[in-house]
1. Of (1) touching a strand residue (DSSP E or B) at 6+ places or on another chain (Cβ under 8 Å); (2) at negative phi; (3) in contact (Cβ under 8 Å) with a residue 40 or more places away in the chain; (4) not in a helix (DSSP H, G or I), residue 250 satisfies all except one. Which?
2. If a residue has to be touching a strand residue (DSSP E or B) at 6+ places or on another chain (Cβ under 9 Å), touching a residue at least 60 places away in the same chain (Cβ under 8 Å) and part of a helix (DSSP H, G or I) to count, how many in region 172-195 make the cut?
3. Within region 253-295, how many residues are at pLDDT below 95, touching a helix residue (DSSP H, G or I) at 6+ places or on another chain (Cβ under 9 Å) and in a loop (DSSP other than H, G, I, E, B)?
4. Considering only residues that are within 12 Å of residue 19 (Cβ to Cβ) and out of contact with any strand residue (DSSP E or B) (no Cβ under 7 Å at 6 or more places or on another chain), look in region 53-64 and name the one that is surrounded by the most Cβ atoms within 10 Å (Cβ to Cβ).
5. Among all residue pairs at least 6 apart or on different chains, which show Cβ distances below 9 Å where the first residue, located in region 212-229, is over 30 Å from residue 176 (Cα atoms) and the second is outside any strand (DSSP E or B)?
6. I'd like to check which helices (runs of 4 or more DSSP H) are fully inside region 65-158 and have at least 1 residues that are buried (at least 20 other Cβ atoms within 10 Å of the Cβ) and touching a residue at least 60 places away in the same chain (Cβ under 8 Å).
7. How many residues are in a helix (DSSP H, G or I) and without any contact (Cβ under 8 Å) to a residue 12 or more places away in the chain when one looks only at region 29-49?
8. Search region 159-170 for residues being part of a loop (DSSP other than H, G, I, E, B) and surrounded by 18 or more Cβ atoms within 10 Å (Cβ to Cβ), and hand back the single one that is modelled with the highest pLDDT.
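The values are calculated or read from the model by the stated rules, or taken from the named source; none is laboratory data. Keep in mind that what you see is a predicted model, and the values were worked out from it rather than measured. In this analysis, Cβ positions are derived from the backbone assuming ideal geometry, glycine residues included, and neighbour counts consider all displayed protein chains.
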């Protein structure tokens, strides 16, 4: 099982120095990928702009978007932007796509909330794949470029936690970019089984199976759970505190290095191809601790 590390893009008061330090630490470490996701009605960096910087700050790791919401963008322009990122990363880009869970993000960019469906996601994903294949999707003289470095475009992962959504993505996705809030490994394994079955029924090769979770490593003072709790209260700001507070008290991983090592082993035993760890603070020493643990 490979280990990817997510940038702390949902932490407050970020600057270029913090983001660059994280990128370089991840690229220098034993990690397989650097990951980051998209929100609109929040103070995180804009994802497509950040892709260019991450391309410059890294040279080895895969660059994974977890996830982009195509319904918040024009699909042809999004395809062009991601093809550009594939060029800038020299073919290291993997794109996670999802419908998003926040109506406010749609409204923030005047996107139609009624398009927040898997059917619309499929339509846009297939449009992007046509652009990357060099097809003419407009009336312009030439097709929309640049051509991506990876033939046919970056690999696509579907961001989902549900079996029905998983099955609907078999037409366009190459695998799963899941998330486990409560670290119920039975549920993770069940979703993996659905993906394997759906891909086999469609006559496709086995899907890439990725999942993710929030984490904080204990410093010997019990601060890890408090860190995860505070992060999720900030991140899940679109929900009432009465809902988020009890959820944040039990979500993600908060524990010792040894406990994290045990979790990684159990996820590997499930057949996880890659775990994307999501930090709950911006101190780059978290990267260094995990690197020492998995290296």
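1. Residue 250 satisfies all of (1) touching a strand residue (DSSP E or B) at 6+ places or on another chain (Cβ under 8 Å); (2) at negative phi; (3) in contact (Cβ under 8 Å) with a residue 40 or more places away in the chain; (4) not in a helix (DSSP H, G or I) except (1).
2. 2
3. The number of residues fulfilling the criteria is 1.
4. Only one residue tops the list, namely 57.
5. Final answer for the pair search is 220/256.
6. Of the helices (runs of 4 or more DSSP H) lying wholly inside region 65-158, those with at least 1 residues that are buried (at least 20 other Cβ atoms within 10 Å of the Cβ) and touching a residue at least 60 places away in the same chain (Cβ under 8 Å) span 75-88, 103-108.
7. So in region 29-49, the residues in a helix (DSSP H, G or I) come out as 47-49.
Checking the rest, the ones that are also without any contact (Cβ under 8 Å) to a residue 12 or more places away in the chain come to 49.
Within region 29-49, residues that are in a helix (DSSP H, G or I) and without any contact (Cβ under 8 Å) to a residue 12 or more places away in the chain number 1.
8. The residue in question is 159.
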